[in-house]
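Colleague: Just passing along the structure, written as structure tokens.
What follows is calculated from the coordinates using simple rules that are stated; it is not laboratory data. On a predicted model such as this, the values are computed, not experimentally measured, just so you know. Virtual Cβ from ideal backbone geometry, glycine too; neighbours counted across all protein chains shown.
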Amino acid sequence: MSVQTREPEAADEKPKGGDRAQYGVCAFLVLLGVMVIVDAMRISHFASSNDPVGPRPVPIILGVLLLITAAVYTVDVTRGGRGEPESGEDIDLTSRIDWRTVLLVIAAFAVNAVLIEWAGWVISGTLLFWGTAFALGSRHHFRNLAVAVSLSLITFYSFAIGLGVNLPAGLLQGIL
Amino acid sequence: MDSVAHLLDGFAAVLAPSTLLVALIGVIAGTAVGVLPGIGPAMTVALLLPLTYGMEPTQAFILFAGIYYGGMYGGSTTSILLNTPGESASVVTAIEGNKMAKAGRAAQALATAAIGSFVAGTLANVLLVLVTPVVVSFAISLGAPDYFALMMLAFVAVSAVLGASRLRGITSLLLGLVIGLVGIDSVTGQRRLTFDIPQLADGIDVIVVAVGIFAVGEALWTAAHLRRSKPTVIPVGRPWMGAQDWKRSWRPWLRGTAFGFPFGALPAGGAELPTFLSYVTEKRLSKHREEFGKGAIEGVAGPEAANNASAAGTLVPMLAIGLPTTATAAVMLAAFESYGIQPGPLLFERQPTLVWTLIASLFVGNLMLLVLNLPLAPTWAKLLQIPRPYLYAGILFFASMGAYAVNAQPMDLALLLVLGLLGFGMRRFGLPVLPLIVGVILGPRAEQQGRRSLQLSGGELSGLIGGPVALTVYAAIALILLWPLLRRFAPRLLRRDTPARTG
């Protein structure tokens, strides 16, 4: 995988002073740059008359650029540079990152990814919707479940059966 | 003219009842999803892609045109009624639009936005019809070095011109280029960054990247900072405008169109700059300058027109050269590719029916939006009240469905999560997402054109310079990159100049 999960060290989020967690971004860029270069070196040298460049130079250039950017980024952070976190209609930036909610949403998403083939879209999609709604603080359990089940069924029938989109039936094969 | 005949054929194709129905579905779905808070036009298009699966290309693109315009229109409704807009292009609309709504003039704000979008969209489509064939005939003479140079210009423009921080723009671009590297090299068949995972050999689907970064990233980021209080939505009746509003709106609409279209059509386009320029101009020209900042209708009419006109302008480089300059255009380009269609000058020769039907459907979709949105605005406003847990659960639900349906690979869902975490991190650290998306889609093409150029020159680097077109483009890139330096030093040089001349 080209992109690794970044763990933003969100320990300090105070607006005053530098945003030290940004050093994590720099470290991530260094890691990514090294990874791209190492991967490019592994490719056997390959150049022919109809392709004098071969598959190696572009990743190497990108890797070097990543390392340079990481260096410039580090300088920027030490000088107090910071990126504005994205705001939005439903976003309250005065609060700290609510890791519990984020992790619950990720868990609901992961459950869907693991179960989709075996259990089928109707079951895994229901779990995804219900789990996310719960994580985000909806406590109308019955209504949540009703919405989740009906959305899954509607999408399954309209997309998988109606439009021929690939959605697995899974456990409920033959029942739906 | 040839293009007029083609366009008429296109209209004939669009005006069939079944096709009109498809366009109507596109417009309604696009507006409904675009109105939802937190969903910008690019995410609307990415999330609604599954609707087009299993359709033949022409129908799919008509649906797409509807979704595109609907999503944009929905976005401006959100920014007027809720403030804090979903995407950078409607930031300016929100300034005056939300003030108007708070002052009890929501109906007029929505009306001037809707009618202005229609006027600007229609005029811009006419310009699109006139300009695109010219660009195509120019583009057909371009060689690999010229394409390479134009793509470099697009990279520099999206990462260094738009957005607050060049450094962060370039970082985002590099991340996108690396994601674009994943997979089998098209020339030599060598695997790059696949880590021996067979599913990665075909590369990471741009749709998966777009849905991951936009939808999953947004949902996770909102989960981290969810506002627990209920949002205040301003109630609205049916949009209408009085004679005075018409009088104050029509000129800003036309001026907005004049700003929007050229900026959209340039390879360094985008809607932020023209909407902002339009706002500043209207403020300067207005007879009601004291109303600006308190809800001046000109401040909604002009930027909304500029926004819509620039969206049509974006289609010129996208269709004629294959060069997307906005996130929405990048997602559309990816959708074209999933049908095996390569936008570019050859598209107009090989599939004129498809292109011109698409362009004709832009006119039709635009008209449908106007007819639908004036009476339906109160309904759309109700969508703003959707409970947030359901909204974001729904975004993740449809994101997973769409991403899974591309290849039927559970692996894509894992990728989607990883990309979502990347999108989360980018939002946390203020990295813009547009350069990443453009990098993913244009990166592999730029490499291909670059290698083709060097192949023609036998490996000599001079092959990249090519002809006068490429040289001009490189000069433009140099100017963009050196602009901050010039701005810093030029006044000093001038100042040194003046006394020398007088003394």
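Colleague: Using a 10 Å cut-off on Cβ to Cβ distances, tally the other chain neighbours for every residue of A:158-165 and report the average as a whole number.
Modeller: Per residue, the average neighbour count from other chains is 4.
Colleague: If you don't mind, another one. Over region B:247-338, what is the mean sequence separation of C-alpha contacts under 8 Å (at least six apart), divided by residue count, expressed as relative contact order in percent?
Modeller: 39 percent
Colleague: Further, regarding this structure: Can you tell me the order of A:104-115, B:200-211, B:58-69 when each peptide is scored by its average per-residue count of other Cβ atoms within 10 angstrom, highest first?
Modeller: Answer by packing, highest mean first, reads B:58-69, B:200-211, A:104-115.
Colleague: In peptide A:128-141, what is the residue-averaged number of other protein chain Cβ atoms found within 10 Å of each Cβ?
Modeller: Taking the mean over all residues of the peptide, I get 5.
Colleague: In Å, the Kirkwood hydrodynamic radius of region A:99-172 over pairs of distinct alpha carbons?
Modeller: About 12.5 Å, per the Kirkwood formula over Cα pairs.
Colleague: Shifting gears a bit: Tilt of helix A:121-135 relative to the longest C-alpha principal axis of chain A, in degrees (0 to 90, nearest 10)?
Modeller: Value to nearest ten degrees: 70.
Colleague: Also, quick follow-up: Kindly count the pairs of lysines across region B:2-490 whose alpha carbons are less than 29 Å apart, treating pairs on different chains or eight or more residues apart as eligible.
Modeller: Number of lysine pairs found: 19.
Colleague: From the backbone phi of region B:120-128, what are the Karplus-calculated ³J(HN,Hα) couplings (6.51 cos²θ - 1.76 cosθ + 1.60, θ = phi - 60°) in whole Hz, Gly and Pro given as x?
Modeller: Using θ = phi - 60°, the values come out as 5, x, 5, 4, 5, 5, 4, 4, 4 Hz.
Colleague: For region B:132-199, what are the per-bin percents of Cα-Cα distances with bins 10 Å wide, up to the bin holding the maximum?
Modeller: 17, 29, 32, 20, 1
Colleague: Need one number for chain A: average projected area of the convex hull over its C-alpha atoms, nm².
Modeller: Quarter of the Cα hull surface area: 16.1 nm².
Colleague: Cα atoms only, chain B: Rg and Dmax in Å?
Modeller: 22.7, 78
Colleague: How high is the relative contact order of chain B, in percent, with contacts defined as C-alpha pairs under 8 Å that are six or more residues apart?
Modeller: 27 percent
Colleague: What are the trypsin sites (Lys or Arg not before Pro) within region B:145-228 that DSSP puts in a loop, where the Cβ has at most 14 other Cβ atoms within 10 Å?
Modeller: The qualifying sites are B:228.
Colleague: Cβ neighbours within 10 Å, averaged per peptide: list B:442-449, B:286-293 in order, most packed at the top.
Modeller: Most protected by this proxy first, the peptides run B:442-449, B:286-293.
Colleague: Over all residues in B:446-457, what is the mean tally of Cβ atoms on other chains that come within 10 Å of each residue's Cβ?
Modeller: That average works out to 3.
Colleague: Using the per-residue mean of other Cβ atoms lying within 10 Å as a proxy for protection, in what order, highest first, do the peptides B:216-226, B:321-331, B:335-345, B:475-485 fall?
Modeller: Taking the mean over residues of other Cβ atoms within 10 Å, the ranking is B:321-331, B:216-226, B:335-345, B:475-485.
Colleague: A follow-up question, please. Just need the Rg to Rh number for the protein assembly as shown, please, alpha carbons only, Kirkwood Rh.
Modeller: 0.96
Colleague: I've got another one for you. Helix-only mean residue ellipticity at 222 nm, chain B, DSSP H runs n ≥ 4 weighted -39,500 (n - 2.57), per residue, nearest 500. What is it?
Modeller: For chain B, the value works out to -24000 deg cm²/dmol.
Colleague: Further question on the same structure: Please compute, for the alpha-carbon atoms of region B:176-256, the extent along each of the three principal axes and give them in descending order in Å.
Modeller: 66, 40, 18
Colleague: Also: Calculate one ³J(HN,Hα) per residue across region A:29-34 by plugging θ = phi - 60° into the Karplus curve 6.51 cos²θ - 1.76 cosθ + 1.60, and present them in order as whole Hz with x for glycine and proline.
Modeller: Ordered by residue, 3J(HN,Hα) equals 5, 4, 4, 5, x, 4 Hz.
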